[in-house]
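Undergrad: Mind looking over this structure? Questions follow.
The values are calculated or read from the model by the stated rules, or taken from the named source; none is laboratory data. Owing to the predicted nature of the structure, the values given are computational and were not obtained by experimental measurement. Cβ: placed from backbone, ideal geometry, glycine included. Neighbour counts: every protein chain shown.
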Amino acid sequence: MKICSSRGELTRIYLNFSDPWPKSKHGKRRLTHPLFLMRYKRLLSDVGEIHFKTDSLSLFEFSLNSFADTGLQLRNVSLHLHREELREDLVMTEYETKFVGLGQPIYRLEAVIGARALAEHRDRLDAEHADQERRAEEALARRKSGLAVAGDADEEQESDG
């Protein structure tokens with residue numbers, strides 16, 4: 001496969017509704033086979049990503065394993081992309097429009113590949129986790145404070161009675 005000539009030349013690769021090659025003996029032909037993923041890694045820049053969409057559950061499951069086997073970080077994984085409403089921020093292919101019209105789920109994920117993209121992704125996750133921790137601690141403090149106030153009221157009623 002010869003797509004471009006230079007390493008790190010691309011920032012994003014879209015794999016939209018590629019042939020699922022359903023027979024297991026054809027696994028190496030799937031565009032998400034680890035051999036292809038390693039090639040993509042060489043072609044993608046330090047902010048490189050792969051965006052993958054399919055209507056094939058078996059291809060999606062195979063792909064999840066391939067991405068894991070090659071150590072790629074996933075984000076925005078969806079098992080039914082347009083369940084609630086059409087995602088207008090994403091370009092829909094002709095196949096996707098057809099499958100959505102039939103009510104079929106669309107499976108989607110993004111794989112973060114480039115070193116800088118990975119660092120930015122991890123920084124975002126760290127910030128989200130820190131924010132979640134802070135909110136959980138605040139909620140716990142509010143509950144404890146509410147229990148203390150309720151406990152004080154119970155003690156007052158007991159002493160009055």
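Undergrad: State the number of residues belonging to region 84-141 that are assigned to a helix (DSSP H, G or I) and touching a Leu at 6+ places or on another chain (Cβ under 8 Å).
TA: Residues meeting the conditions: 1.
Undergrad: Kindly evaluate residue 66 against the criterion of being polar (S, T, N, Q) and either in contact with a Cys (Cβ under 6 Å, 6 or more places away or on another chain) or within 15 Å of residue 15 (Cα to Cα) (or both).
TA: So residue 66 fits the description; yes.
Undergrad: Looking only at region 19-54, how many residues end up being out of contact with any Ser or Thr (no Cβ under 7 Å at 6 or more places or on another chain), free of Cβ contacts under 8 Å to residues at least 40 places away in the same chain and hydroxyl-bearing (Ser, Thr, Tyr)?
TA: 1
Undergrad: Separate question: Got at least one residue in region 60-71 being modelled with pLDDT of 90 or more and either of a type in the set (A, V, I, L, M) or over 26 Å from residue 114 (Cα atoms) (or both)?
TA: Yes, region 60-71 contains a residue that is modelled with pLDDT of 90 or more and either of a type in the set (A, V, I, L, M) or over 26 Å from residue 114 (Cα atoms) (or both).
Undergrad: Follow-up question, since we're still on this one. Filter region 74-106 for residues that are crowded, with 17+ Cβ neighbours inside 10 Å and touching an Asp or Glu at 6+ places or on another chain (Cβ under 7 Å) and give the result.
TA: Once the filter is applied, which keeps residues that are crowded, with 17+ Cβ neighbours inside 10 Å and touching an Asp or Glu at 6+ places or on another chain (Cβ under 7 Å), region 74-106 yields 99, 106.
Undergrad: Right, here's the next one. Name the residues in region 58-76 that are touching a helix residue (DSSP H, G or I) at 6+ places or on another chain (Cβ under 8 Å) and not basic (Lys, Arg), would you?
TA: Matches in region 58-76: 62, 66, 67, 69, 70, 72, 73, 74.
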